[in-house]
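Reviewing the structure listed below.
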Amino acid sequence: MKMLDANKTYLITGAAGFIGYHLSKRLIEAGARVIGFDNMNDYYDVSLKEERLRLLGQVVVEAGILEGTGTFEFVKGDLKNKADVDSVFEKYKPDIVVNLAAQAGVRYSIDHPDSYIESNLIGFFNILEACRHSYDHKEDGYNGVEHLVYASSSSVYGGNTKVPFSTDDKVDEPVSLYAATKKSNELMAHAYSKLYGIPSTGLRFFTVYGPLGRPDMALFKFTDKIMAGKPIQIYNNGDMKRDFTYVDDIVTGVVNILPNAPEDNGKGARYKVYNIGNNHPEPLMDMVSFLEESLGVTATKEFLPMQAGDVYQTYADVSELEKDFGFKPDTSLKDGIDSFVSWYKDYYKIG
Ligand SMILES: NC(=O)c1ccc[n+]([C@@H]2O[C@H](COP(=O)([O-])OP(=O)(O)OC[C@H]3O[C@@H](n4cnc5c(N)ncnc54)[C@H](O)[C@@H]3O)[C@@H](O)[C@H]2O)c1
């Protein structure tokens, strides 16, 4: 297993996003040259994205005091515009590309389907094409993209009932457009790996949470509501389980994977997909209890039926990750929620 190479150029799309921020920070601290790309859209509070970029600037300043530490350059651009993607590849000649930019969220895809097609399908296609053409520059000493890593999602498992969810399971029955776009990304990556030799790894992330997280996700939403003294909405009457995964564990998983582009799978494609999840599904109501405990407030709860596009449970089989990298996420939900709450109170200046 190879270790992260800090002498490479890493292009991180979605760098102003939740996971993109944490990954960029880790890479900068490791001494790498990080190019962040994001369109700063207003799917959720843009000031949180600006805060992440501000902190990344700070990481560079702080890290820059030490010799040999990393750099961060930010490019505002949209994946759906081929010219934006091509120009960032031409200018920075990335060795490793991590595509995290996407329209995320299951429920939003019901009312805003266009955004998923533009960012997740056309956008990902533009990334694949740019990777493909990165091999056309050999004469100027740039060997092209050595590894394309991209975010897929646990949503691809849809309503599968066999647990834990394994990357060997059939995932042909998505229950949301979001899930369908993520599964499509895996198929598109396979075709490009096979046709043009792009080594690619897809990562099925399972319900990621942590400091500077996403305000549209349950933990953050519940915290906002509880602090505002409003009731929290609990779907399927609370009968749901999620494999909540702490963001630092996700980042460690990604950092292990980055320098280890897959070998030929025996069928002429350097192609791989991993689950990154906690391998420990938690009842939704336990998450609520941990949150109440951490905040020291009891929530008013409004119990509602299951929402369209939602699934009963997620549960990651991470045996492949363990086999290949000797790593599996291990942050407990209680500890992770405490870290989130401590960041939240600090950021929103609460007591
Ligand atoms: N957070 C999770 O629980 C989770 C779970 C499974 C998969 N994922 C996937 O991981 C990736 C990162 O998720 P996140 O939680 O950090 O989400 P996020 O929304 O915080 O980050 C995504 C970033 O991409 C940017 N973006 C979106 N569309 C873009 C476009 N067309 N061009 C340029 N930038 C664009 C957004 O502005 C945002 O900053 C996404 O692909 C998401 O689908 C996340």
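Quick one: in region 68-85, of everything that is charged (D, E, K, R) and within 9 Å of the ligand (Cβ to nearest atom), which residue is least open to solvent (accessible area, probe 1.4 Å)? The extreme case among them is D78. What are the residues in region 148-174 that are of a type in the set (A, V, I, L, M, F, W, C) and within 15 Å of the ligand (Cβ to nearest atom), if any? Scanning region 148-174 gives L148, V149, A151, V156, F165, V171. Quick check, is L258 open to solvent by less than 20 Å² (accessible area, probe 1.4 Å), at pLDDT 95 or above, under 25 Å from P231 (Cβ atoms) and not small (G, A, S)? No: the conditions fail for L258.
Test G202 against the criterion of being assigned to a loop (DSSP other than H, G, I, E, B) and either within 13 Å of the ligand (Cβ to nearest atom) or under 17 Å from G14 (Cβ atoms) (or both), and give yes or no. No; evaluated as a whole, the condition is false for this residue.
Say we look at region 21-63 and pick out the residues that are open to solvent by 50 Å² or more (accessible area, probe 1.4 Å) and of a type in the set (D, E); which of these is nearest to the ligand (Cβ to nearest atom)? In this case the residue turns out to be D42.
Annotation note: of P174, P164, P215, P211, the sole residue that is buried (at least 17 other Cβ atoms within 10 Å of the Cβ), modelled with pLDDT of 95 or more, more than 21 Å from V98 (Cβ to Cβ) and not small (G, A, S) is P164.
Kindly provide the set of residues from region 218-237 that are away from the ligand (no atom under 15 Å from the Cβ) and open to solvent by 30 Å² or more (accessible area, probe 1.4 Å), ordered by number. If the condition is that a residue be away from the ligand (no atom under 15 Å from the Cβ) and open to solvent by 30 Å² or more (accessible area, probe 1.4 Å), then D224, K225, M227, A228, G229, K230, P231, Q233, Y235, N236, N237 are the ones that fit.
From the list K8, K2, the lone residue that is basic (K, R), more than 19 Å from the chain's Cα centre (by Cα), surrounded by fewer than 15 Cβ atoms within 10 Å (Cβ to Cβ) and at pLDDT 95 or above is K2.
Quick check on my filter: what residues within region 311-332 are over 16 Å from F205 (Cα atoms) and surrounded by 15 or more Cβ atoms within 10 Å (Cβ to Cβ)?
Pass one, region 311-332, residues over 16 Å from F205 (Cα atoms): 312, 323-326, 332.
Those that are over 16 Å from F205 (Cα atoms) and surrounded by 15 or more Cβ atoms within 10 Å (Cβ to Cβ): D324, F325.
Of K25, K76, all but one fail to be over 16 Å from the mean Cα position of the chain (by Cα) and modelled with pLDDT of 95 or more; the exception is K76.
Give region 188-202 a look and list any residue that's crowded, with 24+ Cβ neighbours inside 10 Å and within 16 Å of the chain's Cα centre (by Cα), or say none. If you could, list the steps in order and put the result at the bottom.
Initially, region 188-202 is screened for residues crowded, with 24+ Cβ neighbours inside 10 Å, giving 189, 193, 198, 200, 202.
S200, G202 - these are the residues of region 188-202 that are crowded, with 24+ Cβ neighbours inside 10 Å and within 16 Å of the chain's Cα centre (by Cα).
Within region 86-129, restricting attention to residues that are aliphatic (A, V, I, L, M), more than 17 Å from the chain's Cα centre (by Cα) and open to solvent by less than 50 Å² (accessible area, probe 1.4 Å), the residue that is farthest from the ligand (Cβ to nearest atom) is L128.
All told, P174 falls short of being touching a residue at least 24 places away in the same chain (Cβ under 8 Å) and not in a helix (DSSP H, G or I).
The values are calculated or read from the model by the stated rules, or taken from the named source; none is laboratory data. Every value quoted in this text rests on a predicted model; they were computed, and no experiment measured them. When we count neighbours, we look across all protein chains shown, and the Cβ atoms used for this are built from the backbone with ideal geometry, even at glycine. Note: areas computed on protein heavy atoms with side chains; ligands, DNA, RNA excluded. Shrake-Rupley method; radii C 1.70, N 1.55, O 1.52, S 1.80 Å.
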